[in-house]
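Novice: After the structure tokens below, expect a handful of questions from me.
The values are calculated or read from the model by the stated rules, or taken from the named source; none is laboratory data. Because the structure is a prediction, the values reported are computed rather than measured. Backbone-built Cβ (ideal geometry, glycine too); neighbour counts: all protein chains shown.
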Amino acid sequence: MNGKQAKKLRRKAKDLTVEWIQSLLPEHEASKINLKNFEAYMPEQTHVYANQKIMLSSFSQKWFNQKLKKEFYEKRLSKATKN
């Protein structure tokens, strides 16, 4: 993955994170959340220790990045195998 694609995925991950936070809150509070201040509403812990290993906490910024990157490569692989 080149830098342009990675940057595009990180931006999309931020958008999805904001949408997810807004879906959890009532409308009057959801309108206060945007791309500039959404990190204040996210938990500080990005990882969780469970089953004797450290795992990425679900619905954190890094988690969204990881899921989008995985989806990107799956689409890329499916396009390559169809041809």
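Novice: Tell me which helices (runs of 4 or more DSSP H) are completely within the chain and hold 3 or more residues being basic (Lys, Arg), or say none if there are none.
Specialist: It comes to 3-24, 61-82.
Novice: Restricting the search to the range 72-83, which residues are out of contact with any helix residue (DSSP H, G or I) (no Cβ under 9 Å at 6 or more places or on another chain) and not β-branched (Val, Ile, Thr)?
Specialist: Of everything in the range 72-83, those that are out of contact with any helix residue (DSSP H, G or I) (no Cβ under 9 Å at 6 or more places or on another chain) and not β-branched (Val, Ile, Thr) turn out to be Tyr73, Glu74, Lys75, Arg76, Leu77, Ser78, Lys79, Ala80, Lys82, Asn83.
Novice: With the condition kept exactly as written, say whether any residue in the range 71-79 is loosely packed, with under 11 Cβ neighbours inside 10 Å and under 15 Å from the mean Cα position of the chain (by Cα).
Specialist: no
Novice: Need pairs with beta-carbon distance below 7 Å; first residue of a type in the set (Ser, Thr, Tyr) and within the range 9-22, second part of a helix (DSSP H, G or I); sequence gap 6+ or separate chains.
Specialist: Once the first residue is of a type in the set (Ser, Thr, Tyr) and sits in the range 9-22, its partners that are part of a helix (DSSP H, G or I) give Thr17/Phe38; Thr17/Gln61; Thr17/Phe64.
Novice: Pull up the range 37-60, narrow it to residues that are without any contact (Cβ under 8 Å) to a residue 12 or more places away in the chain and of a type in the set (Val, Ile, Thr), then point me to the one that is farthest from Trp20 (Cα to Cα).
Specialist: It comes out as Ile54.
Novice: Quick one: in the range 12-30, of everything that is surrounded by 11 or more Cβ atoms within 10 Å (Cβ to Cβ) and among the charged types (D, E, K, R), which residue is nearest to the chain's Cα centre (by Cα)?
Specialist: This residue is Lys14.
Novice: Could you list, in sequence order, the residues of the range 31-64 that are out of contact with any strand residue (DSSP E or B) (no Cβ under 9 Å at 6 or more places or on another chain), of a type in the set (A, V, I, L, M) and either surrounded by fewer than 12 Cβ atoms within 10 Å (Cβ to Cβ) or modelled with pLDDT of 90 or more (or both)?
Specialist: Ile33, Leu35, Ala40, Ala50 - these are the residues of the range 31-64 that are out of contact with any strand residue (DSSP E or B) (no Cβ under 9 Å at 6 or more places or on another chain), of a type in the set (A, V, I, L, M) and either surrounded by fewer than 12 Cβ atoms within 10 Å (Cβ to Cβ) or modelled with pLDDT of 90 or more (or both).
Novice: Restricting attention to the range 41-60, and to residues there that are touching a helix residue (DSSP H, G or I) at 6+ places or on another chain (Cβ under 6 Å) and of a type outside the set (A, V, I, L, M, F, W, C), which single residue is farthest from Leu24 (Cα to Cα)?
Specialist: Out of the qualifying residues, it is Thr46.
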